[in-house]
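**Q** Sending over a structure as structure tokens; questions will come in a sec.
Here, each number is a calculation from the coordinates, and none is a lab measurement. Here the structure is a predicted model, which means the values were calculated and not measured. Note: ideal-geometry Cβ built from the backbone for every residue, glycine included; neighbour counts use all protein chains shown.
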Amino acid sequence: MTPMFSHIPADQRPTLEIFVDGQSVRARRGDTVSAALLASGLDVRRDSAVSGVPRLPYCMMGVCFECLVTIDGVGNRQGCLIPVAPGMRVEIQRGKRELGK
Amino acid sequence: MSVLRSDNYDLVVVGAGPAGIAAAAAAAKAGATTLLLDENAGPGGQVWRGLTSTPLTNRDMLGKDFWDGQLELEKLRSSGAEVLQRATVWSIDPSLQVGISHGGASRIVQARRIVIATGAMERPFPIPGWTLPGVMTAGAAQTMLKSSGLVPSEPTVIAGQGPLLWLLAGQILRMGGRIDVMLDTTPKGAFAAALPKAFGFLTTPYFRKGLKMLREVRSKVRIIKHVTRIEAQGDGQLERVVWETAGGKRGEMASRLLLLHQGVVPNVNLAMSTGAAHDWDGLQLCWRPRLDDDGQTTVPGIYVAGDGAGIGGVGVALARGRVAARAALTSLGKSGQDADLSAARAELAKANRGREFLDLLYKPAEQFRIPEGDTIVCRCEEVRASDIRSAVDIGASGPNQLKAYLRTGMGPCQGRLCGLTVTELMAKARGTTPEQIGYYRLRAPVKPLTLSELADLPMEPEAVKAVVR
Ligand code: FES
């Protein structure tokens, strides 16, 4: 899918590699995980906790928690607050909330 | 967390936007041991987001106001204040202990004074379909633009009202991004209502800048005025935006992105969790902390500065930050603050000019604050307006009771995105005022902690008490 956002040509930051559900993605250094995901063109919608409907980041400033992702094995991290790092493993959270998680 | 130099500080400042930067710089320069904590990767808050890292190095792109932030940041850097980024403050208690989580570990530091400068967040904009992927806040788009140089490139609708909406539209267009339609929700008659307060506004620099912004956007975007209804539609993804105007005209557009904005409101979660009293602001339609002239809350030693104290913008935030820092230092017995304090107060009075005009002009319409039917109110727990009305019908009297019925406000965002809506909706349904209805009672931790972060805490009785209730 074409992403909803594109980088402006003036953005010449170096890229780095992260993995989204195992797939290699080039991200720009300095981007947050959520920004990198939204720019990737992949389907990065997570499932909501209650009814399992798809969601994407809403506020990008730490307020709404719609950006929750699993990063390097730790679940429910706010992707919009965390910068990408080389080799970072990001997993999209699918499936409804399971008890105890 | 060995990154901190100490366990004790004269002043701990939370939030590195304009107010926090100004407060920390002023305090540290005057010789107070000062710690500035911020949850983002770099300083700047929302207005100056990406100040040290933005890929938009062409200075015209973000304008002078943005780059002015560098001056304030310089002052901070040379002040000697300790700054910790990516640090989340999850508790502040009345004994002025601050719970911090950073890099997966937790720690508690003791402050002698605290300035909360957690700024503003966008007012909830609960329209049908606002949880669909592809619906975001205008502030989110601005964050993408400032810190990542990302602009909308697919069919895009921007909707709502307020200066930020126009500012953002202008910035996106200037950078080659795409906005097809602007749905202006400013109610008919708002301008006439605001006019008596226009004089103060006409004398501010915002007036000239505002006109320029309006012209720029109008020349490039289709603008629909007096929009009274907006709906986001699609199957698992935004596909189209549907609207209706006061004149009864309907319209729709196939789009991938809908950006919503109807002003900003103080982000009060942290301040409220300390037990500080808050009052309903009938003009700005939000809660604000009850403060004395110095910005001190009803909890001694805790100050609030910046948009978290009531929306005022950058100039007001800087001034409030400096006032709070000076006053805090004076109360700690550090002499020589008087001249600076009165200078900061004068700066504040000047910066406040013209605000009332904007507040009146951009007072958001009721139908966009208090949703009808099965529109979702609480995004985390997927609670709808109709659920809340039914709960009121069977006796729910306030937001805290509602939690027990519906789990509203109990998801990860802890009511940040539904709190205002719930208060206003219940007030309307019960035929009373927002003050009477009140707000969620907030407790630490105000941000979710992992078990390992909890396990790291030094197990002093106070520390345990701060977390386990
Ligand atoms: S997108 Fe809202 S908290 Fe991250």
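**Q** Scan around B:Thr298 for amide H atoms under 5 Å from its own, H built in the peptide plane at 1.01 Å from N, and keep only partners 5 or more places away or cross-chain.
**A** Correct list: B:Ala277, B:Arg290.
**Q** Under 18 Å from a point placed 7 Å out from the Cα of A:Asp21 along the Cα-to-Cβ direction: which residues of segment A:65-83 have their backbone N that close?
**A** Within reach of a label on A:Asp21: A:67-77, A:79.
**Q** Taking H placed 1.01 Å from N in the peptide plane, check which residues at least 5 places from A:Asp21 or on another chain put their amide H under 5 Å from its amide H.
**A** A:Val90, A:Glu91, A:Ile92
**Q** Same structure again: Could you work out how far apart the two model spin labels at B:Ala404 and B:Glu366 are, taking each label as a point 7 Å from the Cα in the direction of the beta carbon, and quote it in nm?
**A** My value for the distance between the label points is 3.0 nm.
**Q** Report relative contact order for chain B in percent, whole number only (criteria: Cα-Cα under 8 Å, sequence separation at least 6).
**A** Numbers: 1005 pairs, mean separation 84.7, N = 469.
About 18 percent, as a whole number.
**Q** Here's a follow-up. Quick one: Karplus J couplings for segment B:171-179, per residue in order, coefficients 6.51, -1.76, 1.60, θ = phi - 60°, nearest Hz, x for Gly and Pro?
**A** Running phi through 6.51 cos²θ - 1.76 cosθ + 1.60 with θ = phi - 60° gives 5, 4, 5, 4, 9, x, x, 10, 9 Hz.
**Q** Multiply the residue gap between B:Gln233 and B:Asp7 by 0.36 nm, knock off their C-alpha separation, and tell me the result in nm, one decimal place. Provide the component values of the computation, followed by the final result.
**A** Working: separation 226, 0.36 × 226 = 81.36 nm, distance 5.15 nm.
Length gained, B:Gln233 through B:Asp7: 76.2 nm.
**Q** Restricting everything to alpha-carbon atoms, can you work out Rg to Rh for segment B:287-335 with a Kirkwood hydrodynamic radius?
**A** Values: Rg = 10.6 Å, Rh = 10.8 Å.
Across segment B:287-335, the Cα-based Rg/Rh ratio is 0.98.
**Q** What's the average, rounded to a whole number, of partner chain beta-carbon atoms within 10 Å of each residue's beta-carbon in A:66-72?
**A** Numbers: counts 9, 1, 2, 0, 0, 0, 0.
Rounded to a whole number, the mean comes out at 2.
**Q** Follow-up. By what distance, in whole Å, do the Cα atoms of segment B:17-126 stretch along each of the three principal axes, largest value first?
**A** Here the Cα extents, ordered largest to smallest, are 46, 44, 25 Å.
**Q** May I pose another question? Could you pull out the pairs from B:Lys29/B:Lys334; B:Lys212/B:Lys350; B:Lys225/B:Lys363; B:Lys64/B:Lys212; B:Lys29/B:Lys447 whose alpha carbons sit more than 21 Å apart here? Let's see the in-between values first.
**A** Working: B:Lys29/B:Lys334 12 Å; B:Lys212/B:Lys350 23 Å; B:Lys225/B:Lys363 15 Å; B:Lys64/B:Lys212 14 Å; B:Lys29/B:Lys447 31 Å.
B:Lys212/B:Lys350; B:Lys29/B:Lys447, as the Cα separations exceed 21 Å there.
**Q** Which residues does a label at B:Ser78 reach in segment B:25-65, if reach means a backbone N under 17 Å from a point 7 Å past the Cα toward the Cβ?
**A** B:25-31
**Q** What order do you get for A:5-18, B:230-243, A:26-39 when each peptide is scored by the mean count of other beta carbon atoms within 10 Å, highest first? Numbers along the way, then the final one.
**A** Working: A:5-18: 15.9, B:230-243: 18.1, A:26-39: 23.9.
Descending mean neighbour count gives A:26-39, B:230-243, A:5-18.
**Q** Given H placed on each backbone N at 1.01 Å, which residues far from B:Val377 in sequence or on other chains put an amide H within less than 5 Å of it?
**A** HN-HN under 5 Å from B:Val377: B:Val383, B:Arg384, B:Ala385.
**Q** What is the helix-to-structure angle for B:419-429, meaning the angle in degrees between its Cα long axis and the longest Cα principal axis of chain B, kept from 0 to 90 and rounded to the nearest 10?
**A** 50
**Q** Might you list the cysteines of chain B that have no disulfide-compatible partner by the rule of another cysteine's Cβ under 4.7 Å?
**A** Taking the Cβ cut-off of 4.7 Å, the unpaired cysteines of chain B are B:Cys286, B:Cys380, B:Cys413.
**Q** A further question on this structure: Cβ neighbours within 10 Å, averaged per peptide: list B:11-18, B:364-371 in order, most packed at the top.
**A** Details: B:11-18: 29.8, B:364-371: 18.5.
So the order, starting with the most tightly packed, is B:11-18, B:364-371.
**Q** On average, how many beta carbons from a partner chain sit within 10 Å of the beta carbon of a residue in A:26-36?
**A** Working: counts 0, 1, 4, 2, 10, 8, 6, 0, 4, 7, 2.
Mean shielding by partner chains, rounded to a whole number: 4.
**Q** Continuing with the same structure: For chain B, I need the span (max minus min coordinate) of the C-alpha atoms along each principal axis, in Å, sorted largest to smallest.
**A** Dimensions of chain B along the principal axes of its Cα atoms: 63, 53, 41 Å.
**Q** Against the longest principal axis of chain B, how steep is helix B:338-351, in degrees 0 to 90 to the nearest 10, with axes from Cα atoms?
**A** The angle comes out at about 0 degrees.
**Q** Still on this structure: Placing +1 at every Lys and Arg Cβ and -1 at every Asp and Glu Cβ, with all other atoms neutral, what dipole size does the protein assembly as shown have around its Cα centre, in debye to the nearest 20?
**A** Rounded to the nearest 20 debye, it is 940 debye.
**Q** Continuing with the same structure: Over all residues in B:292-305, what is the mean tally of Cβ atoms on other chains that come within 10 Å of each residue's Cβ? Numbers along the way, then the final one.
**A** Details: counts 0, 0, 0, 0, 0, 0, 0, 0, 0, 0, 0, 0, 0, 0.
Whole-number average of other-chain Cβ neighbours for B:292-305 is 0.
**Q** Here's a follow-up. Give me Rg over Rh for segment B:124-262, both radii from the alpha carbons and Rh done the Kirkwood way, two decimal places. Please list the in-between numbers first.
**A** Details: Rg = 15.2 Å, Rh = 15.6 Å.
When Rh is taken as the Kirkwood radius, the ratio is 0.97.
**Q** Dividing the Cα radius of gyration by the Kirkwood radius, what Rg/Rh value follows for segment A:15-91?
**A** Values: Rg = 11.5 Å, Rh = 12.3 Å.
We get a ratio of 0.93 for segment A:15-91.
**Q** Over all directions, how big on average is the projection of the convex hull of the alpha-carbon atoms in the protein assembly as shown, in square nanometres? Before the final figure, lay out the partial values.
**A** On the way: hull surface 97.7 nm².
Convex hull of Cα atoms, orientation-averaged projection: 24.4 nm².
**Q** Could you derive backbone 3J(HN,Hα) for segment B:112-124 from the dihedral phi with the Karplus parameters 6.51, -1.76 and 1.60 (θ = phi - 60°), listing whole Hz in sequence and x where the residue is Gly or Pro?
**A** Whole-Hz 3J(HN,Hα) from phi for segment B:112-124: 8, 9, 10, 10, 8, 10, 8, x, 10, 9, 6, 4, x.
**Q** Further question on the same structure: Could you give the Stokes-Einstein D for segment B:318-387 in µm² per second, using the C-alpha Kirkwood radius, 4 °C, 1.567 mPa s?
**A** Details: Rh = 15.9 Å.
D = 81 µm²/s.
**Q** May I ask for the Kirkwood hydrodynamic radius of segment B:361-429, worked out over all distinct Cα pairs and given in angstroms to one decimal?
**A** Working: mean 1/r = 0.0841 Å⁻¹.
It is 11.9 Å.
**Q** Rounded to the nearest 20 Debye, what is the dipole magnitude of segment A:15-91 about its Cα centre when Lys and Arg each give +1 and Asp and Glu each give -1 at the C-beta?
**A** Working: 8 positive and 8 negative charges, 32 e Å.
Once rounded to the nearest 20, the dipole reads 160 debye.
**Q** Given Cα pairs under 8 Å that are at least 6 residues apart, what percent is the relative contact order of segment B:370-437? Don't skip to the end; give the middle numbers.
**A** Values: 92 pairs, mean separation 21.9, N = 68.
Once divided by the residue count of segment B:370-437, the mean separation gives 32 percent.
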